[in-house]
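**Q** Here it is, the structure in full.
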Amino acid sequence: QVQLVESGGGLVQPGGSLRLSCAASGNIFIIYSMGWYRQAPGKQRELVATITNGGDRNYAGSVKGRFTISRDNAKNTVYLQMNNLKPEDTAVYYCNADLQRFAVGARNDYWGQGTQVTVSS
């Protein structure tokens, strides 16, 4: 089994900062990429940021310059530093990992349970 455990969500005022963490554990051979997605009420889940095991990063336009994704490959952990938060960043944030569990086998997506981020005064 593979588990993705997120932490770091909460309530913050506009302009504030939060740092999300997500640790992957279980039978893992290789993680190709990890990332964060978010889903606001009444909206579809959308990409926030991803990072490959080589360090290539991709950001949604709405968070560029405010959010930074990083990764510790040795710990199978991905982080999302969120600065200058806005009310429109309010959503449930989900961790994602694109990985292969065994040396011979399929490559699949795994998801965390989600962590709530609320930006409000």
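**Q** Just one of (1) surrounded by 13 or more Cβ atoms within 10 Å (Cβ to Cβ); (2) in contact with a Gly (Cβ under 9 Å, 6 or more places away or on another chain); (3) within 19 Å of Q13 (Cα to Cα) trips up A49, so point out which.
**A** (3)
**Q** Right, something else. Against the conditions (1) on the phi > 0 side of the Ramachandran plot; (2) within 10 Å of the chain's Cα centre (by Cα), where does L20 fall short? Just the number, please.
**A** (1)
Quick grid of which residues meet (1) surrounded by 12 or more Cβ atoms within 10 Å (Cβ to Cβ); (2) not β-branched (V, I, T):
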position	(1), (2)
S7	yes, yes
G16	yes, yes
Y59	yes, yes
T77	yes, no
L80	yes, yes
N108	no, yes
W111	yes, yes
G114	yes, yes
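**Q** Let me ask you something else. Please enumerate the residues belonging to the range 1-54 that are touching a helix residue (DSSP H, G or I) at 6+ places or on another chain (Cβ under 7 Å) and modelled with pLDDT under 95.
**A** N53
**Q** Just checking: which of the strands (runs of 3 or more DSSP E) contained wholly in the range 19-112 hold 3 or more residues that are in contact with a Lys or Arg (Cβ under 7 Å, 6 or more places away or on another chain)?
**A** 30-39, 46-52, 77-82, 91-100
**Q** Quick one: in the range 27-62, of everything that is of a type in the set (G, A, S) and touching a residue at least 40 places away in the same chain (Cβ under 8 Å), which residue is farthest from N96 (Cα to Cα)?
**A** Restricting to residues being of a type in the set (G, A, S) and touching a residue at least 40 places away in the same chain (Cβ under 8 Å), the top hit is A40.
**Q** Go through the range 84-106 and give me each residue that's open to solvent by 60 Å² or more (accessible area, probe 1.4 Å) and at pLDDT 95 or above.
**A** Within the range 84-106, N84, K86, P87, E88 qualify.
The values are calculated or read from the model by the stated rules, or taken from the named source; none is laboratory data. Bear in mind the structure is a predicted one, so any value in this text is a computation, not a measurement. All Cβ positions, glycine included, derive from the backbone under ideal geometry; neighbour counts span all protein chains shown. For accessibility, only protein heavy atoms count, side chains too; no ligands or nucleic acids. Shrake-Rupley method; radii C 1.70, N 1.55, O 1.52, S 1.80 Å.
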